[in-house]
Amino acid sequence: MSHITASQFKDRFAALILGGRDLPKKRFDRHILFISATLGLHPHRQYSESELNGELQEWSTLFGGNFGLDYVSLRRYLVDEHYIRRDSAGRSYELVTTDLPCTFDRSIERLDLEELITEARKARELKKQQHMKKSEGSASPKT
């Protein structure tokens, strides 16, 4: 069983959201996405399908577009990967809190994912600008 540190989560989540085009093939990266999708859910709360869909739709709108992950597909993945438990009648869902497919630092639960992406975008833009300045400086003729 793998463990995801807060640092790994931040780095990979930002890279996946800003650069991803399909659902990641690496299990580690898929776990990061699935964990991020469950961060807004409350442990020990029973969600109706429509309530859960509403929660997951918000994540899909903010972060799932690059992956083609609508809330229905995401819900199915979360159930299949044992992040969410569905009752036998399929009427209620609950966040799984023990025996998860992987462990992760609990500090991840307090992250503001939107802020994380905003900061990652800013950092990428700054790096791009610095690279462009460096390229312009090396392309200038020397006198």
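No lab work stands behind these numbers, since they all come straight from the coordinates. All values derive from a computational prediction rather than experimental measurement. A quick note on method: Cβ atoms are made from the backbone with ideal geometry, for glycine too, and the neighbour counts reach across all protein chains shown.
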Kirkwood hydrodynamic radius of the chain, Cα pairs, Å: 16.7
Please give the charge dipole size of the range 1-93, origin at the Cα centre, charges +1 on K and R Cβ atoms and -1 on D and E Cβ atoms. Round to the nearest 20 debye. 280
Calculate how steeply helix 49-59 sits against the longest principal axis of the alpha-carbon atoms of the chain, using the helix alpha-carbon long axis, and give the answer as 0 to 90 degrees to the nearest 10. 10
Selection of trypsin sites (Lys or Arg not before Pro), the range 1-42, meeting DSSP coil and at most 15 other Cβ within 10 Å: Arg21, Lys25, Lys26
Along the charge dipole of the chain, pointing to its positive end and built from +1/-1 on Cβ of Lys, Arg, Asp and Glu, which listed residue (Ile32, Tyr77, Met132) has its Cα farthest out? Met132
In the chain, lysine pairs 8 or more places apart or on different chains with C-alpha atoms under 28 Å apart total 19
Defining a contact as two alpha carbons under 8 Å apart and six or more residues distant in sequence, what relative contact order in percent does the chain show? 31
